[in-house]
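Undergrad: Let me give you the structure first, and then I'll get to my questions.
The values are calculated or read from the model by the stated rules, or taken from the named source; none is laboratory data. None of these values were measured; they are calculated from a predicted model. Every residue, glycine as well, gets a Cβ built from its backbone with ideal geometry; the counts of neighbours run over all protein chains shown. These area figures cover heavy atoms from the full protein model, side chains too; ligands, DNA and RNA do not enter into them. Shrake-Rupley method; radii C 1.70, N 1.55, O 1.52, S 1.80 Å.
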Protein chains: 2
Amino acid sequence: MNERKGSPLDLLEALEETGVHPSEEERLLLGTDGSVTFLLEVLTGEPVAVETLEQRVVRADLQQAALLDVNEGDEVNLRRVLLVGDRPLVYAESLTPLSRLEPSFHDELMRQDKPIGRIMAEQEIEARRDLQELGVARDGRGCEALDREELFFREYDVIRNGEVLMHIREEFPSGLFD
Amino acid sequence: MNERKGSPLDLLEALEETGVHPSEEERLLLGTDGSVTFLLEVLTGEPVAVETLEQRVVRADLQQAALLDVNEGDEVNLRRVLLVGDRPLVYAESLTPLSRLEPSFHDELMRQDKPIGRIMAEQEIEARRDLQELGVARDGRGCEALDREELFFREYDVIRNGEVLMHIREEFPSGLFD
């Protein structure tokens, strides 16, 4: 049985040991196993919308195939968005193997206007979020989108039927809720 | 497709309209679709443990059978606990039809020392939390356990394979994080 090694709290503790001290809100966003959209909406008091920067189907390269446990060359939906409330809040990119998406989920994802957490709730998706990594990024793609030199980031898998339904990376600036 | 009616934010808004104004932390606890244990651990900075008040197998009465969508008389595990950090934080009671529990989950639940959110993470349970109701309770069983006259409460289902794996009610005092 898994012990708590690698739990969100352990990952947060490891981050603190590097001298980085996220606020309470930042710790919640970094470690949550629930919907980030919901957290943002409660923390800002505003509805959160999606601004899509890029969405296209790509062929999985070697690294993406390993992340998703698919074959190199398999079709993968790549989506890069900003989650926007009263201002841009979070940069998020997701990789989703097309073969694991049922048509109704696929259609919602392609509409480009809904956060993934909201799609999952509406589509009644049963899954778990498996946090892989969190920390501070100085060269993430979100730095340009959010016009910052460094950002907090986290990466996690949405697991369904024992398979990676999505691999998600989220990046957000420090001090968002100060 | 479901619209957002009945979403956590709608339920929180309905609560505000009754003149009750939970703090940011309380809104997060009331509305989260993730683990309450994780939220408590981040908000208090302390590990959260379970203190079991009662655990036994009961035969579902009419109301329990309706909540869980089982037959009257089916075996149901009833668990009443306090989630305790630096102090008692949350009173929680859960109803779990025994027929829907695999042996490993059953064993962990019977050990009585782990919060359900942690068991679900360790057992890699894929599910969704479906929030049913939230508000203020003046006669909940948690009032006695937490020695308060009124508490916030929420009720939700943990849904797996389209069935209710658990029905959970959580109660906690206002001002926990002031």
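Undergrad: Can you give me the three principal axis dimensions of region A:37-125 from its C-alpha atoms, in Å, biggest first?
TA: 42, 24, 19
Undergrad: Next up: Can you compute log10 of I(q)/I(0) for chain B with the Debye formula, treating each Cα as one identical point scatterer, at q = 0.10, 0.13, 0.14 Å⁻¹?
TA: The Debye formula, applied to the Cα set alone, gives -0.38, -0.65, -0.76.
Undergrad: Suppose we keep just the alpha-carbon trace of region B:38-82; what are its Rg and Dmax in angstrom?
TA: Reported Rg and Dmax, both Å: 15.2, 42.
Undergrad: What Kirkwood radius, in Å to one decimal, follows from the Cα pairs of region B:1-51?
TA: Here the Kirkwood hydrodynamic radius works out to 12.5 Å.
Undergrad: Can you compute the FRET efficiency between B:R87 and B:D10 using 1/(1 + (r/R0)^6), with r the Cβ-Cβ distance and R0 = 45 Å? Round to the nearest 0.05. Write out the running numbers ahead of the final one.
TA: Numbers: r = 32 Å, r/R0 = 0.70.
My answer for the efficiency is 0.90.
Undergrad: Heavy atoms only, probe 1.4 angstrom, no DNA, RNA or ligands counted: give me A:E93, A:E13 ranked by accessible area, highest first.
TA: Details: A:E93 45, A:E13 105 Å².
Correct descending sequence by accessible area is A:E13, A:E93.
Undergrad: How many nanometers, to one decimal and shortest first, lie between the label point of A:N161 and those of its other copies, if labels sit 7 Å from Cα toward Cβ?
TA: So the distances to the same position in the other copies read 1.6 nm.
Undergrad: Chain pair A, B: how much accessible area is buried, both chains summed, with a 1.4 Å probe, in Å² to 100?
TA: 3000
Undergrad: Provide a whole-number value for the mean count of partner chain Cβ atoms within 10 Å of the Cβ atoms in peptide A:126-139.
TA: Average per residue, whole number: 2.
Undergrad: At 222 nm, what value in deg cm²/dmol follows for chain B if DSSP H runs of at least 4 each add -39500 (n - 2.57) and the sum is divided by all its residues, to the nearest 500? Don't skip to the answer; put the middle values down first.
TA: Working: 7 runs with 56 residues, N = 178.
So the calculated ellipticity at 222 nm is -8500 deg cm²/dmol.
Undergrad: Label position 7 Å from Cα toward Cβ: report the copy-to-copy distances for A:S174 in nm, one decimal, ordered from shortest.
TA: 3.7
Undergrad: Follow-up. Can you pull the Rg over Rh of the protein assembly as shown, Cα-only, Kirkwood?
TA: 0.96
Undergrad: Averaging over all projection directions, find the projected area of the Cα convex hull of region A:1-87 and quote it in nm² with one decimal place. Write out the running numbers ahead of the final one.
TA: Values: hull surface 33.4 nm².
If I average the Cα hull's projected area over directions, I get 8.3 nm².
Undergrad: Separate question: Sticking with the crude label model, points 7 Å out along Cα→Cβ, report the distance from A:R138 to A:R56 in nm, one decimal please.
TA: About 3.1 nm separates the two model spin labels.
Undergrad: While we're on this one: In square angstrom, what is the accessible area per residue of region B:1-128 with a 1.4 angstrom probe?
TA: 45
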